[in-house]
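Read the structure below first, then the notes.
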Amino acid sequence: MNRGFRVTAVFAVLIAGVVAISLVSAGSGQYGIPLSQVFDSVLHRLGLSETRLDPFAEGALWQVRFPRVVMTLLVGGVLGVCGALMQGVFGNPLAEPAVVGVSSGAAVGASLSIVAGWTFFGAFTTPALGFAGGLVTTLLVYALSRSRGRSEVVTLILTGVAVNAVAMAIISFLMFAADQAAREQIVFWQLGSLAGSRWPYVVTVLPLVAVGVVVSLVLARKLDLLALGERQARHLGVDVEKLRLGAVVVVALMAAAAVSYSGIIGFVGLIVPHGLRMLLGPGHRVLIPASLFGGALLLAAADLGARTLFTYADLPIGMLTALVGGPFFFWLLLRTRRRSGGWA
């Protein structure tokens, strides 16, 4: 199949899937709203239709469900783009944002907020401390991995492992010191959920996502050159250290902003760019925007399942992504080992 046609077809499927599952998700729930009415409500808000829903359905759609749908798309898209960046920077398909401590650092910040009962930013206190924790931890991993002005991939990954272990120890201590209610809140936060999404939360995440995606696309060409090897990239004029630092900072800002509201959601940043690379090839100018839509589609599907698989229950979304992502990743591992002897 012609590569241009394949790229166009994949993007068309991803975008159509995102739109379709967003509308289905908005209409699904304990109070079901037919898809035609969801569509009419969207057209009415855009000024393209005179049809209006009853106030209760309109409120359910625009005050509860659409904020959750949009936040889900943002978080999934961010995790997909961050995964593509991390795999490009590390040159390793096993890399994802959690490697550099974003998720565990955000969990430390959020847990500290919950245990201490801080409310100085109102409803934004826990997300704000989660964002700060993820950002500080990621930059700490990068700073500790540097030696004589340079950072090596293996050192960066192993430093991330060590810092993640320390972060998990801190979370364990906070859970030990917390009362029963705070302990349950921390556990629920770490399982991942988008149930509390509201428009003000979306507004705080959206600018960081938009800027991060644009910067990621700017870095795409240099990531392609880095894929040739560090020495070859330097000969072609790429400042590898600046590129690595820029990518880590972008990942830290975007991923910390996303997980500070959603909690820990694994595997999206791992399997989405990896699967799309198999379809579209390694070029980051295509892979990064594809990962944006692919991550959004995967997490939107997982969130729809979390809300509708069991009546009157909202499953932790992190559990569903791990349940699907784990076997899929194992299949990828077996497939790669069978075809080329593995990644080593």
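Report whether or not Leu139 is surrounded by 14 or more Cβ atoms within 10 Å (Cβ to Cβ) and free of Cβ contacts under 8 Å to residues at least 24 places away in the same chain. So Leu139 fails the test. Going by what's in this entry, would Leu315 be described as exposed (fewer than 14 other Cβ atoms within 10 Å of the Cβ) and either over 15 Å from the mean Cα position of the chain (by Cα) or over 29 Å from Ser193 (Cβ atoms) (or both)? For Leu315, the condition - exposed (fewer than 14 other Cβ atoms within 10 Å of the Cβ) and either over 15 Å from the mean Cα position of the chain (by Cα) or over 29 Å from Ser193 (Cβ atoms) (or both) - is not met. Quick one: is Leu292 open to solvent by 10 Å² or more (accessible area, probe 1.4 Å), more than 21 Å from Ala16 (Cβ to Cβ) and modelled with pLDDT of 85 or more? Answer is no for this residue. Evaluate the following for Arg68: is it free of Cβ contacts under 8 Å to residues at least 12 places away in the same chain and open to solvent by 10 Å² or more (accessible area, probe 1.4 Å)? Taking the combined requirement at face value, the residue does not satisfy it. Test Ser197 against the criterion of being buried (at least 16 other Cβ atoms within 10 Å of the Cβ), under 25 Å from Gly101 (Cβ atoms), over 13 Å from the mean Cα position of the chain (by Cα) and of a type in the set (Ser, Thr, Tyr), and give yes or no. So Ser197 passes the test.
Out of Gly91, Gly133, Gly117, one residue alone is out of contact with any strand residue (DSSP E or B) (no Cβ under 8 Å at 6 or more places or on another chain), buried (at least 24 other Cβ atoms within 10 Å of the Cβ) and not basic (Lys, Arg). It is Gly133.
Take the conditions (1) aliphatic (A, V, I, L, M); (2) open to solvent by less than 60 Å² (accessible area, probe 1.4 Å); (3) outside any loop (DSSP other than H, G, I, E, B); (4) at pLDDT below 90; Val161 misses just one of them, which is (2).
Taking the criterion of being touching a residue at least 40 places away in the same chain (Cβ under 8 Å) and under 17 Å from Gly266 (Cβ atoms), the residues of region 164-185 that qualify are Asn164, Ala167, Met168, Ile171.
Of the numbered criteria (1) part of a loop (DSSP other than H, G, I, E, B); (2) touching a Ser or Thr at 6+ places or on another chain (Cβ under 7 Å); (3) surrounded by 21 or more Cβ atoms within 10 Å (Cβ to Cβ), the one Ser104 fails is (1). Looking at region 226-288, the helices (runs of 4 or more DSSP H) lying wholly inside it that each contain 3 or more residues that are open to solvent by less than 10 Å² (accessible area, probe 1.4 Å) sit at 240-262, 268-280.
Cβ-Cβ contacts under 7 Å between residues 6 or more apart (or on different chains), taken from a first residue in region 28-51 that is open to solvent by 70 Å² or more (accessible area, probe 1.4 Å) to a second residue that is part of a loop (DSSP other than H, G, I, E, B) and among the hydroxyl-bearing types (Ser, Thr, Tyr), are listed as Gln30/Tyr312.
The values are calculated or read from the model by the stated rules, or taken from the named source; none is laboratory data. No experiment lies behind these values; they were computed from the predicted model shown. Counting neighbours? That spans all protein chains shown, and the Cβs are built from the backbone with ideal geometry, glycine included. Protein only, heavy atoms only, side chains kept; ligands, DNA and RNA dropped before computing areas. Shrake-Rupley method; radii C 1.70, N 1.55, O 1.52, S 1.80 Å.
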